[in-house]
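Q: Below is a structure I'd like to ask you about.
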Amino acid sequence: MITRAALLARDEAIDEESRAESKWDTRGQEAAYLAEGQAKMAAELTEAINLFRELDVSPTLPPDPIRAGSVFVVKQPNGEMNALVAPRAGGTEVTLNGKTFTVVTPTSPIGREVLGKRAGDFITMTVRRKPQPFEILSTD
């Protein structure tokens, strides 16, 4: 879908209708920028999809530490968060076995904190400039 949008934007950029009618007319240039941005986004999404396909999401046994591919549940002040550690697409929500998980990357603040931790461990996250303890409830 994104790839198709990028191709349509590229076609718009090179279309005769996009030709500048005066030195202040920037329709063609704007269409070219849009096409470039959409092509970049399509490439990044394709790379993320390929990385997800290669990701080892085999279950983590409770004594095993959290690693890339692990899913875990963390207790936060406003409830519980189901999360999946993945190399890209942080913040994206994915559904595994009917449950929704938020993707966290190893380089994100929470990702850095949870790597190597186990169920029952606590991590400290800064929320509204105050450090708060978060408990890792489970790893799967």
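Q: Can you give the local net charge around P63? Use residues other than it whose beta-carbon is closer than 15 angstrom to its beta-carbon, Lys and Arg +1, Asp and Glu -1. Let's see the in-between values first.
A: On the way: positive: R67, K117, R118; negative: D64, D121, D140.
Net charge around P63: 0.
Q: Of P131, V103, N82, which is farthest on the positive side of the dipole of segment 71-139, counting Cα position, with +1 on Lys and Arg Cβ, -1 on Asp and Glu Cβ, and the Cα centre as origin?
A: Result: P131, furthest along the dipole toward the positive end.
Q: Considering amide H positions built from the backbone, and no H for Pro or chain starts, which residues 5 or more places from L137, or on another chain, come under 5 Å of its amide H?
A: V73, V74, K75, G120
Q: In addition: Calculate the dipole size of segment 27-140 relative to its Cα centre from +1 charges on Lys and Arg beta carbons and -1 charges on Asp and Glu beta carbons; express the result in debye to the nearest 20.
A: Dipole about the Cα centre, nearest 20: 380 debye.
Q: Now for a different question. Under the rule of at least 5 residues apart or a separate chain, name every residue whose amide H is placed under 5 Å from the amide H of M125.
A: Q132, F134
Q: Per-residue HN-Hα couplings for segment 43-54, Karplus 6.51 cos²θ - 1.76 cosθ + 1.60 at θ = phi - 60°, whole Hz, x for Gly and Pro?
A: 5, 5, 5, 4, 5, 4, 4, 5, 5, 5, 5, 8
Q: On to the next question. Would you mind counting up the charge near V73? Only other residues with Cβ under 13 Å from its Cβ, with Lys and Arg at +1 and Asp and Glu at -1. Each step should come with its number before you reach the end.
A: Numbers: positive: K75, K99, K117, R118; negative: E80, D121, E135, D140.
Here the charged neighbours net out to 0.
Q: Show the residues, 5+ positions off or on another chain, whose built amide H is closer than 5 Å to the amide H of G69.
A: V85, A86
Each value in this text was obtained by applying a stated rule to the coordinates, not by laboratory testing. Note that the structure is predicted; figures quoted are calculated from it, not measured. Here Cβ is always computed from backbone atoms with ideal geometry, including for glycine, and neighbour counts include all displayed protein chains.
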